[in-house]
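Trainee: Starting off with a structure, shown below.
Only the coordinates and a few stated rules stand behind these numbers; no lab work does. Just so it is clear, the structure is predicted and the values come from calculations on it, not from any experiment. Note that each Cβ is placed from the backbone with ideal geometry, even for glycine, and that neighbours are counted across all protein chains shown.
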């Protein structure tokens, strides 16, 4: 069966520090991969979307970047975190069935 | 541009009462809509999708193209229904646009 792993679960980072959140999927090949963010008082916002290795679509201009070095690995990064980057980050995957499966999320606090 | 609106951030009902979580959308194409749910300390998960026209955990949702709505309904709410509910619209490239969510609390 397919599973999705996302880590870490919580992260506290100082302003200006780098960020790396990792997400991996098992049990499927060539999944569509997504990074969503849920900021306080707001809905889920799509940050990045990938249909294959090295193929990244950015939905909103921001301080973050994403990479897909392997078929089932999706990484969210930042060179210098801002206070406004705080939030709850969710990785998700889907096949062509369009149903999204979510990771357990990362609560990021930038201080 | 695609947009999903959930006008109520918080909704509180008593056990056994009917519940309706509102969702309105704007989309120029043929919409495909979903409801996702996140129970406390659990992952976000799909509750139902309009094309399957199914009832999950007693919840139903009907797509009303005239009113551009996809409200989630349950005739008799249960305490275990307390959760965060997100309405979502699928757009090009299988990307989901989410509403801001409604926190449902069912009181005993």
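Trainee: Relative contact order for chain B using alpha-carbon pairs under 8 Å, separation at least 6, rounded to a whole percent?
Mentor: Once normalised by length, the contact order is 39 percent.
Trainee: If you don't mind, there's one more thing I want to ask. How many nm is it between the label spots at residue A:84 and residue A:62, if each spot is 7 Å from the Cα in line with the beta carbon?
Mentor: The modelled label-to-label distance comes out at 1.1 nm.
Trainee: Let me ask you something else. Could you work out the relative contact order of chain A, using alpha carbon pairs under 8 angstrom and six or more residues apart, expressed as a whole percent?
Mentor: Reported relative contact order: 36 percent.
Trainee: I've got another one for you. At what distance in nm do the modelled label points of residue A:12 and residue B:65 sit from each other, each positioned 7 Å from its Cα along Cα→Cβ?
Mentor: 5.3 nm
Trainee: Also, quick follow-up: Run the simple label-point estimate for residue A:51 and residue A:22 please: 7 Å along Cα→C-beta, distance reported in nm.
Mentor: Taking the two extended label points, one gets 2.8 nm.
Trainee: Would you mind ranking B:62, A:71 so that the residue whose beta carbon has the fewest other beta carbons within 10 Å leads the list?
Mentor: Lowest to highest Cβ neighbour count: B:62, A:71.
Trainee: Follow-up. What ranking do A:4, B:51, A:75 get, fewest neighbouring Cβ atoms within 10 angstrom at the top?
Mentor: B:51, A:75, A:4
Trainee: Oh, and also: Would you please classify the overall shape of the stretch A:63-111 from the alpha carbon gyration tensor, given that a ≥ b ≥ c denote the square roots of the eigenvalues, rounded means a/c under 1.5, and beyond that prolate means a/b larger than b/c while oblate covers the rest?
Mentor: The shape class here is oblate.
Trainee: Still on this structure, please answer the following. Can you give the alpha-carbon Rg of the protein assembly as shown over 2.2 N^0.38 Å, where N counts its residues?
Mentor: 1.03
Trainee: In what order do A:15, A:25, A:60 fall by count of nearby beta-carbon atoms within 10 Å, going from fewest to most?
Mentor: A:60, A:15, A:25
Trainee: In whole angstrom, how far apart do the alpha carbon centroids of the stretch B:1-30 and the stretch A:53-111 sit?
Mentor: Centre-to-centre (Cα) distance: 26 Å.
Trainee: Further question: Return, ordered by residue number, the residues of the stretch B:30-48 whose backbone nitrogen is under 16 Å from a label point located 7 Å along Cα→Cβ of residue B:79.
Mentor: Answer for the stretch B:30-48: B:40.
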